[in-house]
Amino acid sequence: MAVLPNARLLVGAGLFGLFAISLCIGVDDLPMGSVFTDAGALQLLLVSRLPRTVAVVLTGAGLAIAGLVLQILVRNRFVEPITTGTGQSAALGVLAVTLLFPTASIAMKTLGASLTALAGTSVFLTIAHRLPPTQPFLIPLFGLVYGGVIGAAVTFIAWQADLLQYVDIWTNGEFSGVLRGRYELLWILAAMVALAWWVADRLTIASMGREVSLGLGLNYQRIVQLGLVMVAVISSLAVVVVGMIPFVGLVVPNLVSRLMGDNLKSALPWVAMTGAVLLLACDIIGRLIRYPYEIPVGTVLGVVGSGLFLWILFGRTQRA
Amino acid sequence: MIEINNVSLRLGGTQILEDVSLTMPKGGVTALVGPNGAGKSSLLSLIARLQPLQTGSISVDGLPVDTTPSRRLAKTLAILRQDPAVASRLKVRELVGFGRFPHQRGRIDANDLLLIEAALQQFGLMDLADRFLDNLSGGQRQRAMVAMAFCQGTDYMLLDEPLNNLDMLFARQLMRDLRAAADNDRRTVIVVLHDINHAAVYADRIVAMKSGRVVADGPPAEVLRPDVLAQVFGYDMDVIDVGGAPLVLHHR
């Protein structure tokens, strides 16, 4: 495919360019030339701009990988963790930790969220595997309902406990609150992406199904468990630190699969990078559209992501 | 050698296999034939440890399939299930390359590359090697899957209805390839076939099953007799001799 080198170049250059642009955008003027002479400018860069940009890149890469892994586990290309119960289960976990241990650290909240997300995703996976494989759209529909039910439980409990504004923070993903000292847990996302790449061949084999996996001597059960942990940890970190961000996990793996195929040893790094580029681009749009105010990145992604998703859907039918 | 002793299987209240005992020596092509629901596929997936054994025992080259680590077995037997429905967008060469996974756990070396090319060559896939699976016809995909099983390099290859989706030309070609794998590479091929005349020509031995039991077992000339066929398939059919091999007129 001739489009390939161009796509790779575009993603690589895009990440670089957007990273630089993201550092330059903000309410305060920050001429890049002055960071070496002006201590205040350097401070602004290191405390706010850089952490925010790094957080966006890590989150975008992580969410794309979580979507990819969940799609492999469920064997359905139309699911992503944030809308099919994992994100909502994570929110339930943070809420529970906040209610039971009001002084809990952000790491403790993430741990609690990861545990509930793991349970919630396992239930989703178990039920998804029982749905008839002849109707692939039943799984994402079930996922939306399932996520909706858990989300409703979260809202109800939060309303009872007068914690609704917290729930709002976890459910609407945005990066305006990211400062040095409040995002560092997101580096775990980088570790998760690296872990996914480490087991890329196993994930590719798992994507061919249980029987092919067993025939090749792969411990299918173990790779499913590992995948579930990855999905739960990534989603929980995203929910706790920046809030729910839809569509990245859905659109990016489909996009990369169309262009490069599903051999993850080569495609997985591009899934991560494309996720980072998409989220960074949407964050920048959200910061610019009604400058100096911000539109949450989740809202921008709702528009951009659904557009991309429609393109993938229609592109599919044309090809078939 | 594959040894199957007193194997029964019950799924959801239905008896799938009933007290099957069978020995398949190493080497050659064995065809499993029988009507739908006879238990051929189930027997194959039990041998390949895709389903847990309920009663009885199965061993392949002395390795009990229920207790031997899956990774170890993957170096001894390869299985291709009916309609594997691989939805992953992989190129043919990548798919065939995954056949080397049990040996290398992902690190392909120069020897593996040679084996992958050999498998592509053997199954006439050189022209398709860099195409994505989802851009191929059903028959081409099927050949790629068989090539992957071949590339696994195991002594035993178990294939469940590999002729599905193949036209006459490719069905014949695949049977010849399997015969060559047995003759030249000393593979033991066990294949579920619906086209009994392919079994007649290419198999050394035919095992006929019905209602979960083995009802006949022997070389083609012994099994493909009108009385046996009527018992297995439930209707009368003529068998004629063409160049020394039985030809079953099952369609008349």
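Can we say B:Val33 is more than 10 Å from chain A (Cβ to nearest Cβ), crowded, with 23+ Cβ neighbours inside 10 Å and under 30 Å from A:Phe78 (Cβ atoms)? Spelling it out, it is not the case that B:Val33 is more than 10 Å from chain A (Cβ to nearest Cβ), crowded, with 23+ Cβ neighbours inside 10 Å and under 30 Å from A:Phe78 (Cβ atoms).
Within region B:33-46, identify whether any single residue is on the phi < 0 side of the Ramachandran plot and assigned to a strand (DSSP E or B), and answer yes or no. The answer is yes; a qualifying residue exists.
Inside region B:37-52, can you point out the residues that are among the aliphatic types (A, V, I, L, M), within 19 Å of A:Ser213 (Cβ to Cβ) and more than 10 Å from chain A (Cβ to nearest Cβ)?
B:Leu44, B:Leu46, B:Ile47
In the set A:Leu186, A:Leu179, A:Leu250, A:Leu216, only one residue is of a type outside the set (Phe, Trp, Tyr) and in contact with a Leu (Cβ under 8 Å, 6 or more places away or on another chain); that residue is A:Leu186. Scanning region B:235-252 for residues that are aliphatic (A, V, I, L, M) and surrounded by 15 or more Cβ atoms within 10 Å (Cβ to Cβ), we see that the one that is nearest to B:Val201 (Cα to Cα) is B:Leu247.
The residues of region B:200-252 that are free of Cβ contacts under 8 Å to residues at least 60 places away in the same chain, in a loop (DSSP other than H, G, I, E, B) and farther than 22 Å from B:Ala171 by Cα, listed by number, are B:Arg225, B:Tyr235, B:Asp236, B:Met237. Note on region B:70-103: residues that are within 8 Å of another protein chain (Cβ to nearest Cβ) and part of a loop (DSSP other than H, G, I, E, B) amount to 10.
Residues that are small (Gly, Ala, Ser), in contact with a Cys (Cβ under 6 Å, 6 or more places away or on another chain) and within 28 Å of A:Trp197 (Cα to Cα) are absent from region B:62-80. Of all residue pairs spaced 6 or more apart or on separate chains, none has beta-carbon atoms under 8 Å together with a first member in region A:253-264 that is free of Cβ contacts under 8 Å to residues at least 60 places away in the same chain and more than 9 Å from chain B (Cβ to nearest Cβ) and a second member that is assigned to a loop (DSSP other than H, G, I, E, B) and surrounded by fewer than 21 Cβ atoms within 10 Å (Cβ to Cβ). Summed over region B:57-69, the residues that are assigned to a strand (DSSP E or B) and either surrounded by 17 or more Cβ atoms within 10 Å (Cβ to Cβ) or within 13 Å of chain A (Cβ to nearest Cβ) (or both) give a count of 4. Quick check, is A:Ala91 of a type outside the set (D, E, K, R) and not in a loop (DSSP other than H, G, I, E, B)? Judged against the criteria, A:Ala91 is a match. Considering (1) on the phi < 0 side of the Ramachandran plot; (2) surrounded by fewer than 23 Cβ atoms within 10 Å (Cβ to Cβ); (3) not in a strand (DSSP E or B), the lone condition that B:Ile4 does not fulfil carries the number (3).
Can you confirm whether region B:157-164 contains a residue that is of a type in the set (S, T, N, Q) and surrounded by 15 or more Cβ atoms within 10 Å (Cβ to Cβ)? No: region B:157-164 contains no residue that is of a type in the set (S, T, N, Q) and surrounded by 15 or more Cβ atoms within 10 Å (Cβ to Cβ). I'd like to know if region A:199-218 contains one or more residues that are under 30 Å from A:Arg52 (Cβ atoms) and at pLDDT 90 or above. There is at least one residue in region A:199-218 that is under 30 Å from A:Arg52 (Cβ atoms) and at pLDDT 90 or above. Restricting region B:118-130 to residues that are more than 22 Å from the chain's Cα centre (by Cα) and more than 14 Å from chain A (Cβ to nearest Cβ), the residue that is surrounded by the most Cβ atoms within 10 Å (Cβ to Cβ) is B:Leu128.
For B:Ser57, indicate whether it is under 28 Å from A:Arg222 (Cα atoms) and either modelled with pLDDT under 90 or in contact with an Asp or Glu (Cβ under 9 Å, 6 or more places away or on another chain) (or both). Yes; evaluated as a whole, the condition is true for this residue.
Of the residues that make up region A:189-209, is at least one free of Cβ contacts under 8 Å to residues at least 12 places away in the same chain, surrounded by 17 or more Cβ atoms within 10 Å (Cβ to Cβ) and either away from chain B (no Cβ under 12 Å) or among the charged types (D, E, K, R) (or both)? No, there is no match, as no residue in region A:189-209 is free of Cβ contacts under 8 Å to residues at least 12 places away in the same chain, surrounded by 17 or more Cβ atoms within 10 Å (Cβ to Cβ) and either away from chain B (no Cβ under 12 Å) or among the charged types (D, E, K, R) (or both). The residues listed here are A:Thr98, A:Thr83; of these, the one that is surrounded by 15 or more Cβ atoms within 10 Å (Cβ to Cβ), closer than 18 Å to A:Met230 by Cβ, of a type in the set (S, T, N, Q) and touching a helix residue (DSSP H, G or I) at 6+ places or on another chain (Cβ under 7 Å) is A:Thr83. Is it the case that region A:305-317 has a residue that's among the hydroxyl-bearing types (Ser, Thr, Tyr) and under 19 Å from the mean Cα position of the chain (by Cα)? Yes: one or more hits.
Between A:Leu163, A:Leu111, the distinction of being over 30 Å from B:Ala85 (Cβ atoms) and either surrounded by fewer than 14 Cβ atoms within 10 Å (Cβ to Cβ) or modelled with pLDDT under 90 (or both) belongs to A:Leu163 only.
The values are calculated or read from the model by the stated rules, or taken from the named source; none is laboratory data. From a predicted model like this one, the values you see are computed outputs, not experimental measurements. Please note: Cβ atoms are built from the backbone with ideal geometry, for glycine as well, and neighbour counts cover all protein chains shown.
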